[in-house]
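The values are calculated or read from the model by the stated rules, or taken from the named source; none is laboratory data. Only a predicted model underlies this, so the values are computations on that prediction, with no experimental measurement involved. All Cβ positions, even for glycine, are placed from backbone atoms using ideal geometry, and neighbour counts span all protein chains on display.
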Amino acid sequence: MTRRIAIDGPSGAGKSTVGYALAQRIDATFVDTGLMYRALTLAAIERGIDVNDGAALGRSVGQCRIEVERALPEHVDRLETVLLDGRDVTIDVRQPRVDQQVSAVSRHAAVRDAMLPVQREAAERGDSVMVGRDIGTVILPDATLKVYLTAGAEVRAARRAAEMGALERYESYLAEILERDAADSGRSIAPLRIPDGALVLDTGVLDVEACVEAIVARLEVGD
Ligand code: DC
């Protein structure tokens, strides 16, 4: 039976790190849907599409080719490579201008409707670990296992500051995280919430390995 694991949670909870480690452990494909919204946001910025124009953004999902693939071994700076119309935009999708606009782009119904088949298709190719905000609730409601990863905003901000080597920016990371949480949870379409029956893990308490163990243990009980 094909196994599909949905991992949702707020920004900076460690979804990619845990999801990637889990995918390695169970030999599944890792798909970070946040990268897809980021690539679309970059396309909108480059093409001058207004981030408030949901219809135009929705159309642009069909007009640009967004591909998320496994990183080549020499790309030690990333877990996956994102291509926009064949161009490697993995670094560009992490630019502050994308960070600042991606919540606005991803809140539109037309955008989410257009992304849904692209994301479902990515989970059709075999065992997969898919991370995002609405994977367990909307994209894969029949997932083998739903996981919700969380951590306090302060923990996530401190982690971000350490990752970026910019401890002095802690306060601004905290403000950004709180703003993004409010936008992702407060939007009317596909808001971030804990899916029914999800395994909830706090990454402020559990390290990556402990999260992977807890998920694998739950998968084995379900087998
Ligand atoms: O996980 P991330 O920070 O790369 O996600 C970027 C943005 O995309 C985030 O603000 C929420 C949005 N997003 C979403 O709405 N639905 C998803 N499945 C994944 C991300």
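Of all residues in segment 189-208, those that are touching a residue at least 24 places away in the same chain (Cβ under 8 Å) and in a loop (DSSP other than H, G, I, E, B) have Cβ atoms under 6 Å from Cβ atoms of residues that are among the aromatic types (F, W, Y) and surrounded by 15 or more Cβ atoms within 10 Å (Cβ to Cβ), 6 or more apart or on another chain, in I194/Y148; A198/Y148. Evaluation of S103 against the conditions (1) over 19 Å from the mean Cα position of the chain (by Cα); (2) of a type outside the set (A, V, I, L, M, F, W, C); (3) within 16 Å of the ligand (Cβ to nearest atom) shows that the sole unmet condition is (1).
Checking each residue in segment 36-53 for being out of contact with any Ser or Thr (no Cβ under 8 Å at 6 or more places or on another chain), within 13 Å of the ligand (Cβ to nearest atom) and without any contact (Cβ under 8 Å) to a residue 60 or more places away in the chain picks out A39, L42. Being touching a helix residue (DSSP H, G or I) at 6+ places or on another chain (Cβ under 7 Å), over 19 Å from P195 (Cα atoms) and away from the ligand (no atom under 14 Å from the Cβ) is the filter here; which residues of segment 111-152 pass it? Result: D127, single match.
Listed by first and then second residue, the pairs with beta-carbon distance under 7 Å, at least 6 apart or on different chains, first residue in segment 97-116 and of a type in the set (S, T, N, Q), second part of a helix (DSSP H, G or I) and modelled with pLDDT of 95 or more, are Q101/T41; Q101/I45; S106/Y37.
If the condition is being more than 25 Å from I26 (Cα to Cα) and of a type in the set (D, E), then segment 107-162 contributes D113, E154.
The residue that is farthest from the chain's Cα centre (by Cα), counting only those in segment 4-28 that are more than 16 Å from the ligand (Cβ to nearest atom) and more than 16 Å from A214 (Cα to Cα), is D27.
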